[in-house]
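K.L.:
So that we are looking at the same thing, I have put the structure below in structure tokens.
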Amino acid sequence: KLRQAELCLRRAAAFARGGPLVFCGDLNSMPGSDVLALCEGGVAVRHTFTPMREGDDEESGACEPEAAPPAVETFEPPLRLYSAYEPPPAYTTLTDTFRGCLDHILLTRHWRCLATLDMIDEADILAEKSLPSSRFPSDHMPVLAVLSLGGADAGERATNGDDEWSDRSYKSYDSAQDDRPWH
């Protein structure tokens, strides 16, 4: 996953050419993981692993009796991002056996995050056991951020009353109170 993340970030950085960038999606990685450290930390991530050898079964994890010595690979971040959600949600997917934040909205410092969508209440989800359900058709919850270009110093959340979002919670956004369409 680290190699995939590094490749995606390199391509995104080349596309953005130093300009504003929103990098978001299901990263299948939890806050605190090496993948998120690579995206948000702005520092190299060293990862130790045991290389696969001929005769190892990748599906079952069974390895030859004398395992190869561990190897270390270093992944360099091509850009530094920060999360629109601060702190990250406790979960963006929830089942009866797993609860975790796998979906992320990551931003370059060109952006100011004005508001983020609250997660659906855990009790509402678990009333039908897990995601997806008859009420919530996806196995992931929506993440949404209201952003403004060129905002507060180096990506800090908006805190003054100078914009139309100033009377709203910067931790939540209730679309029912907004008559504007979201496209």
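Quick note: the coordinates plus some simple rules give every number you see, no bench work behind them. These figures come from a predicted structure and were not determined experimentally. Heads up, the Cβs are rebuilt from the backbone with ideal geometry, glycines too, and the neighbour counts pull from every protein chain shown.
K.L.:
Show the residues, 5+ positions off or on another chain, whose built amide H is closer than 5 Å to the amide H of LEU147.
P.N.:
LEU114
K.L.:
Could you tell me the calculated FRET efficiency between GLU73 and ASP96, based on Cβ-Cβ distance and R0 = 30 angstrom, to the nearest 0.05? Let's see the in-between values first.
P.N.:
On the way: r = 36 Å, r/R0 = 1.19.
Using R0 = 30 Å, I get an efficiency of 0.25.
K.L.:
Another question about this same structure. Roughly how many Å is it from the Cα centre of segment 88-133 to that of segment 1-39, as a whole number?
P.N.:
Segment 88-133 and segment 1-39 have Cα centres spaced 19 Å from each other.
K.L.:
Rounded to a whole number, what is D in µm²/s for segment 77-136 from Stokes-Einstein with the Kirkwood radius over alpha-carbon pairs (4 °C, 1.567 mPa s)?
P.N.:
Details: Rh = 13.2 Å.
Answer from the Stokes-Einstein relation: 98 µm²/s.
K.L.:
Also, I was wondering about something else. What's the extension gain from ILE120 to CYS8 if we count 0.36 nm per residue and subtract their Cα-Cα distance?
P.N.:
Computed gain between ILE120 and CYS8 is 37.4 nm.
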